[in-house]
1. When Rg is the radius of gyration of the Cα atoms in segment B:1-65 and Rh is its Kirkwood radius, what does Rg/Rh come to?
2. Find the Rg to Rh ratio for the protein assembly as shown, where Rh is the Kirkwood radius over alpha-carbon pairs and Rg uses the same atoms.
3. Using a 1.4 angstrom probe on the protein heavy atoms only, line up B:ILE40, B:ILE153, B:ILE105 by accessible area, largest first.
4. Let me have the 222 nm mean residue ellipticity of chain A computed from DSSP H runs of 4+ only, each contributing -39500 (n - 2.57), with the sum over all residues rounded to the nearest 500.
5. Mind pulling up the Rg/Rh value for segment B:53-194? Radius of gyration and Kirkwood radius, both on Cα.
6. Shielding of A:26-38 by partners, i.e. mean partner chain Cβ atoms within 10 Å per residue?
7. How well do other chains shield peptide B:98-109, expressed as the mean number of their Cβ atoms within 10 Å of each residue Cβ?
8. How much net charge surrounds B:ASN146 when only other residues with a Cβ under 13 Å from its Cβ are counted (Lys, Arg +1; Asp, Glu -1)?
Amino acid sequence: MKKLLAFTGQLILLLIICKLGYYLADILHLPIPGNVIGMIVLFILLQTKVLKVEWIELASGFLVKHLAFFFIPITISLMTMGWLFIEFGLGLALSLGVSLIFGFIVSAWTVQKLSHRGEVKQHDSAHHNL
Amino acid sequence: MTALITTYSILLTIIAYIIGRKIYAKYPSPFTTPVFFSTITIILILLASGLNFEDYTPGKNIITYFLGPATVALAVPLYKNRKIIVKHALPAISGMILGLMVTLIIAFTIALAFSLPPFILQGLAVKSITVPIAVEITELYGGDSNISAAFVILTGVLGTMIAPKMMDKLNITLPFARGIAYGTIAHGLGTAQAAQESEFTGAVAGAAMAIAGILISCFFPFISHFL
């Protein structure tokens with residue numbers, strides 16, 4: 001029960017920061033989405049110790065862990081987009097597929113080549129209990 | 001009646017997701033990734049129940065409302081991993097920028113070769129970043145956010161289906177490198193996949209997804225010149 005209350009409180013806090021992000025993006029005429037501003041605001045609040053990670057860990061951990069769930073309804077919307085694939089299917093499939101494969105390879109390969117392997121591995125095990 | 005259908009839609013989505021996760025944990029395969037499995041199941045059940053996408057929309061809106069705070073919550077993995085990311089900032093940022101550039105250039109080149117229309121190019125420009133940010137950017141620049149969302153999701157689903165085995169084959173084993181690639185190219189779905197590999201990989205992917213979203217938000221005015 002206490003956990004549920006804490007979870008709800010933390011979720012409301014995240015919602016408020018999100019709204020604040022939209023508000024800031026609006027009044028400052030920023031070309032960046034409000035939710036991204038919200039993320040930057042939360043990062044600054046954590047970095048400046050105004051907020052402690054423990055105060056939002058429960059709700060944020062849950063949301064990040066189950067991020068995929070919140071995408072499912074958007075994936076369902078693909079059922080209305082048959083026309084798009086009937087009309088542009090081959091080009092779209094190739095464009096999405098090939099660009100994905102090479103994007104992955106280049107991104108991962110660059111990081112792996114440029115990192116000092118041993119160093120990151122050590123760091124890795126130290127961070128496992130996050 | 002609407003309230004009933006909405007409740008039904010939400011419950012259906014939650015149950016399909018829970019079952020999807022269980023099945024993936026037991027039989028990991030490209031076709032059992034939770035989002036892919038849940039989507040197919042839900043579409044089939046909706047059709048069998050005589051419901052269409054319109055009926056599902058109110059439930060969809062309630063669930064996707066939480067993508068806002070979920071995006072904000074990404075600040076937490078970013079914060080927790082700030083030290084290792086700052087320490088390896090150069091490889092990380094190089095991997096992200098090169099990966100995004102390569103994926104966008106290839107996507108545009110193929111799209112132009114097939115003379116796909118401008119509204120598709122606009123969707124392709126944001127395909128690698130997380131849905132809430134992609135949708136916002138497209139709306140900010142007057143594009144069709146449904147198209148963007150569809151491309152983002154397809155990229156994410158394809159990414160989780162293809163990438164794990166592909167990176168294994170190419171001997172990309174460093175969790176930090178895999179995490180960066182998952183988050184940069186396949187956003188939230190990639191991050192979910194990365195989290196299945198290890199908590200650390202997931203955290204790095206979460207941070208990479210956040211940074212990729214910020215990068216594309218900032219560079220979109222520049223990218224849109226080419227559209």
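1. Expressed as Rg/Rh, it is 1.01.
2. 0.95
3. B:ILE105, B:ILE40, B:ILE153
4. -27500 deg cm²/dmol
5. With Rh from the inverse mean 1/r over Cα pairs, Rg/Rh is 0.99.
6. Per-residue shielding by partner chains comes out at 6.
7. Rounded to a whole number, the mean comes out at 6.
8. That works out to -1.
The values are calculated or read from the model by the stated rules, or taken from the named source; none is laboratory data. The model shown is predicted, which means the values in this text are computed figures rather than measured ones. Methodologically, a virtual Cβ is constructed for each residue, glycine included, from the backbone with ideal geometry; neighbour enumeration extends over all protein chains shown. Note: areas computed on protein heavy atoms with side chains; ligands, DNA, RNA excluded. Shrake-Rupley method; radii C 1.70, N 1.55, O 1.52, S 1.80 Å.
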